[in-house]
Each structure stands twice: as structure tokens, then as C-alpha cells.
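Before any comments, here is the structure.
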Amino acid sequence: MDNTAFEQLATAAFKGERVAARRLATRTDVSEAQALSQVLTLAAGAPGLAHLLAERALLRQRDEQRRTERQENAAHKLARRQAGRQPSAAWQGWFDGSAHPNPGRIGIGALLCGPDGQRIEISRRAGHGNSSEAEYLALTALLEAAKQMGVTGLAVRGDSQVVINDVNLGAARGAKGLEEHRARVQALMAALGEVELRWLPRHRNGEADRLSQQAAGHED
């Protein structure tokens, strides 16, 4: 038996049949190829070895087709998930709030940028309060502006770990005294759809910081 014929048998054989052939070859004087031929001939029964090989080839073809379909379906699902995340990356927002002194006069700043060059700057006074309240008011103003623009997904960055952690942790683990601010922000986020809220260092939040300081009447 040549190598091509043996490879055809080995490809058609199931794992258990290959194991049985190796055991048969060990117990007798026949080669592994001859042993495999005997095992498969026995498995084929009356229809014969050629019929079994044809059936196994068709089975492999079907398995390969199903495997290809699964891979294509997985690729399509991944593409849909990525497409669904695109809106959050399409719009970008930054916010910052300041209180001078703390507590004191509040200035809020925010920057909202869209995929087609939209740029909305927010810089205004917001009464009196502490720094956490100032940050929350800035975030609220940013989300309200996004809602007015019809944004359905937004990636938001700010340098206030207190506020970002408070929003992301939710009411069960949130900070005391900020409940109303948190509820307002979470309602706006729900209305916008997909909102990603993450912290970034203050030195990378320069535009929003500038706008908040400008509003408070302090240019650093």
C-alpha cells in the first residue's frame, strides 16, 4: 500500500479506529497501513470499503461546511457588536468643575465633539458649592448638551475620581450627599443610550479645565 492510499484511510478513520489499527499492528506482523485497512473494511461491512470512504469524505465535507458557517456567523456577530459600539466612539466629551474657594463660587466647563466636526463648548457659573458638586454640574451640563444634539452614544472623560466612581458604582455604593446629582446624571445617561464614563489625569483634561476656570473667573 502506497503512502497516498494510507493517507486516504487515515483521513477517513475515526480516532478509535486508528487506535485499534495501531494495536492490531502491534499484536501481529502486519503494517499499520494494512491493519487500518482491515479495521475499516470490518467497519464498512457489506457495502464495502470504497462505500465507507465515500461516506466519510461526504461527512468531512459537511463538517467543514458547518465549521465555515460558524466562523462566518461569529465574524458577523463581531461586526455587529463593533458597529453597535461605534456611536460611543463617534461623540467625545470632557468635563471639569471648579469651586473657588472650596466650597465657593462654582465654574463648570465641558467640551462636546462630534464625528463631523461639531464642537460645543460650555463655560458658565453654576452658583455655590463644593468641588464634587461642581464636577457633577459640569457632567450634567455636558450630558444635557449631548441630549439636545440627539447623541445616542458618547465617550465621556473627566478628572474627578469621586464623581466618576460615584456614577459607576451606583446608588448602592455611591457617596452620601450626592444622591440628587447622581440620579440626574444616570437618567441622562439612560436617555442617551450608550455612555462610557472614564477617568483621565487632570493634565489630559486641559480644555475642560480651562473652560471651568474661565467660568469661575480664574484663568491659570
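Of everything listed in (1) under 18 Å from residue 96 (Cα atoms); (2) modelled with pLDDT of 90 or more, the single unmet condition for residue 219 is (2).
Tell me whether region 168-189 contains one or more residues that are outside any loop (DSSP other than H, G, I, E, B), closer than 21 Å to residue 105 by Cα and among the hydrophobic types (A, V, I, L, M, F, W, C). No. Report the residue count in region 191-211 for those that are open to solvent by less than 80 Å² (accessible area, probe 1.4 Å), out of contact with any Ser or Thr (no Cβ under 9 Å at 6 or more places or on another chain) and assigned to a helix (DSSP H, G or I). Of the residues in region 191-211, 4 are open to solvent by less than 80 Å² (accessible area, probe 1.4 Å), out of contact with any Ser or Thr (no Cβ under 9 Å at 6 or more places or on another chain) and assigned to a helix (DSSP H, G or I). Going residue by residue through region 182-193, is there one that turns out to be charged (D, E, K, R) and within 21 Å of residue 92 (Cβ to Cβ)? No, there is no match, as no residue in region 182-193 is charged (D, E, K, R) and within 21 Å of residue 92 (Cβ to Cβ).
Applying the selection to region 115-128, what residues are open to solvent by less than 60 Å² (accessible area, probe 1.4 Å) and touching a helix residue (DSSP H, G or I) at 6+ places or on another chain (Cβ under 7 Å)? Within region 115-128, 120, 122, 123, 126 meet the criteria.
Condition check ((1) modelled with pLDDT under 90; (2) among the basic types (Lys, Arg)) across all residues:
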position	(1), (2)
161	no, no
166	no, no
169	yes, no
185	no, no
194	yes, no
198	no, yes
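Residues that are over 18 Å from residue 7 (Cβ atoms) and in a helix (DSSP H, G or I) were ranked within region 21-42; the one that is most open to solvent (accessible area, probe 1.4 Å) is 27. For region 129-166, a residue qualifies if it is open to solvent by less than 10 Å² (accessible area, probe 1.4 Å) and assigned to a helix (DSSP H, G or I), and the qualifying residues are 134, 136, 138, 139, 141, 142, 143, 146, 163, 164, 166.
Looking across region 1-20, just one residue is open to solvent by less than 30 Å² (accessible area, probe 1.4 Å) and among the acidic types (Asp, Glu), and that is 17. Considering only residues in region 101-114 that are open to solvent by less than 50 Å² (accessible area, probe 1.4 Å) and not hydrophobic (A, V, I, L, M, F, W, C), the one that is farthest from residue 214 (Cα to Cα) turns out to be 114.
The values are calculated or read from the model by the stated rules, or taken from the named source; none is laboratory data. Predicted, not measured: the structure shown is a model, and the values here were computed from it. With ideal geometry, Cβ positions are generated from the backbone for all residues, glycine too; neighbour counts draw on all protein chains shown. The protein model used for the area step is the full one, side chains on, heavy atoms only, and it has no ligands, DNA or RNA in it. Shrake-Rupley method; radii C 1.70, N 1.55, O 1.52, S 1.80 Å.
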